[in-house]
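Comments concern the structure below.
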Amino acid sequence: QVQLVESGGGLVQPGGSLRLSCAASGSRFRIGVMGWYRQAPGNQRELVADITSEGITNYFDSVKGRFTISRDNAKNTVYLQMNGLKPEDTAVYYCLVRLLGYNFWGQGTQVTVSS
């Protein structure tokens, strides 16, 4: 069983920045893809960005150029640096870790962009 602990959400003004972190523990195996999804009220959960263990990244179009995903394999931690935040980025952000074909989700962290 993999445990995920997220941190870094909060309230920020438009144009501001936040950095999310997600640390995975409890795995004896190498973690595959790590990523971030988000879900706004009334919307489906959507991919924000993900990254392979080799560092290959993938971004949702609306966040390209503003968000940067990275990971530290030694710490089993994935980060999401969010710059130029917009009100439409407001959502609960969930960390995802893929291991041996299974998906593990974090508890979610609220990101609110408002003046």
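Things to note:
- In the chain, taking the dipole from charged Cβ atoms about the Cα centre, the farthest positive-side position among S53, C95, P14 is held by S53.
- Accessible-area composition of the chain, carbon plus sulfur, in percent [1.4 Å probe]: 49
- Cα principal axis extents for the chain, largest first, Å: 44, 25, 22
- Note on the chain: with a GNM built from Cα contacts shorter than 10 Å, the maximum mean-square fluctuation among I56, I31, I69 falls on I56.
- Extending 7 Å from Cα along the Cβ direction at K75 and again at N58 yields two label points whose distance is 2.5 nm.
- Taking every C-alpha pair closer than 8 Å and separated by at least 6 residues, the mean separation divided by the residue count of the chain gives a relative contact order of 36 percent.
- GNM top mover of Y94, Y102, Y79 - the chain, alpha-carbon springs below 10 Å: Y102
- The relative contact order of segment 1-64 comes to 22 percent, based on Cα pairs under 8 Å that sit 6 or more residues apart.
- Between segment 1-16 and segment 56-88, the C-alpha centres lie 12 angstrom from each other.
- Surface accessible to a 1.4 Å probe, per residue, for the residues of the chain, Å²: 54
- Area projected by the alpha carbon convex hull of segment 45-92, averaged over all directions, nm²: 3.7
- Rounded FRET efficiency, nearest 0.05, which uses the C-beta distance separating R45 from S115 and R0 of 25 Å: 0.45
- Near Y59, once Lys and Arg are set to +1 and Asp and Glu to -1 for all other residues with Cβ below 10 Å from its Cβ, the sum equals 0.
The values are calculated or read from the model by the stated rules, or taken from the named source; none is laboratory data. It should be emphasised that the depicted structure is a prediction, and the values quoted were computed from it without experimental measurement. Reconstructed Cβ throughout: ideal geometry from the backbone, glycine too, with neighbour counts over all protein chains shown. These area figures cover heavy atoms from the full protein model, side chains too; ligands, DNA and RNA do not enter into them. Shrake-Rupley method; radii C 1.70, N 1.55, O 1.52, S 1.80 Å.
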